[in-house]
1. Answer with yes or no whether Leu98 is crowded, with 16+ Cβ neighbours inside 10 Å, touching a Leu at 6+ places or on another chain (Cβ under 6 Å), modelled with pLDDT of 90 or more and closer than 18 Å to Gly126 by Cα.
2. Taking region 15-41, which residues are open to solvent by less than 20 Å² (accessible area, probe 1.4 Å) and under 20 Å from Phe104 (Cβ atoms)?
3. Could you tell me how many of the residues in region 14-53 are assigned to a strand (DSSP E or B) and among the charged types (D, E, K, R)?
4. Suppose the filter is modelled with pLDDT of 95 or more and buried (at least 20 other Cβ atoms within 10 Å of the Cβ); does Leu60 pass it?
5. On the given criteria, is Leu90 part of a strand (DSSP E or B), open to solvent by 20 Å² or more (accessible area, probe 1.4 Å), among the aliphatic types (A, V, I, L, M) and modelled with pLDDT of 95 or more?
6. List the pairs whose first member sits in region 17-35 and is within 22 Å of Gly63 (Cα to Cα), whose second member is charged (D, E, K, R) and open to solvent by less than 50 Å² (accessible area, probe 1.4 Å), and whose Cβ atoms are under 9 Å apart, counting only residues at least 6 apart or on separate chains?
7. Return the total of residues in region 42-53 being open to solvent by less than 60 Å² (accessible area, probe 1.4 Å) and under 12 Å from Ala24 (Cβ atoms).
8. Taking interchain pairs and intrachain pairs at least six residues apart, which have beta carbon atoms under 6 angstrom, with the first residue in region 95-117 and free of Cβ contacts under 8 Å to residues at least 40 places away in the same chain and the second assigned to a loop (DSSP other than H, G, I, E, B) and surrounded by 13 or more Cβ atoms within 10 Å (Cβ to Cβ)?
Amino acid sequence: MSYEYRDTSSSDQGNGPGPAVMGASTLTGNDVYNPKEENLGNIKEIMLDMHSGSVAYAVLSSGGFLGMGDRLFAVPWNALTLDTVNQCFLLNMDADRLKNAPGFNKDEWPNMADPAWEKSVHNYYGTPLAITKPNIPHG
């Protein structure tokens, strides 16, 4: 369910929960596009860093058909930008480059707490290891 259905009273003026603070369940299912307006997939899961309480990754599902054969990608949260106008996320990455990103299937998730794995994923997406919030335009 995307936030367009649940957070109908949202605005950046303080009336409602979004877009500066939102429920994770309102973001799962949202599409992810790149600047070329190519659909890269959709958000399947939001992963929390239990030590810091911050969002660490959005799990992006891509490449399948009707849920079959999807490949999953742990995209660092700070690599995404929330597009409140089009109600989607933006990822500055070509579709071909995403196909070569470190990914996994639904039955074999990586150890996301492994520092070597974390470093390789952040290096691939060009994001710092420090967990930050996604860019959310105001206004």
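1. Yes.
2. The answer is Val32, Leu40, Gly41.
3. Number of matching residues: 3.
4. Numbers: modelled with pLDDT of 95 or more: yes; buried (at least 20 other Cβ atoms within 10 Å of the Cβ): yes.
When the stated conditions are applied, Leu60 passes them.
5. Numbers: part of a strand (DSSP E or B): yes; open to solvent by 20 Å² or more (accessible area, probe 1.4 Å): yes; among the aliphatic types (A, V, I, L, M): yes; modelled with pLDDT of 95 or more: yes.
Criteria met by Leu90.
6. Correct list of pairs: Tyr33/Asp83.
7. Of the residues in region 42-53, 3 are open to solvent by less than 60 Å² (accessible area, probe 1.4 Å) and under 12 Å from Ala24 (Cβ atoms).
8. Phe104/Pro110; Trp117/Pro110
The values are calculated or read from the model by the stated rules, or taken from the named source; none is laboratory data. These numbers come from a predicted model, not from an experiment. A quick note on method: Cβ atoms are made from the backbone with ideal geometry, for glycine too, and the neighbour counts reach across all protein chains shown. SASA here: full protein model, heavy atoms, side chains in, ligands and nucleic acids out. Shrake-Rupley method; radii C 1.70, N 1.55, O 1.52, S 1.80 Å.
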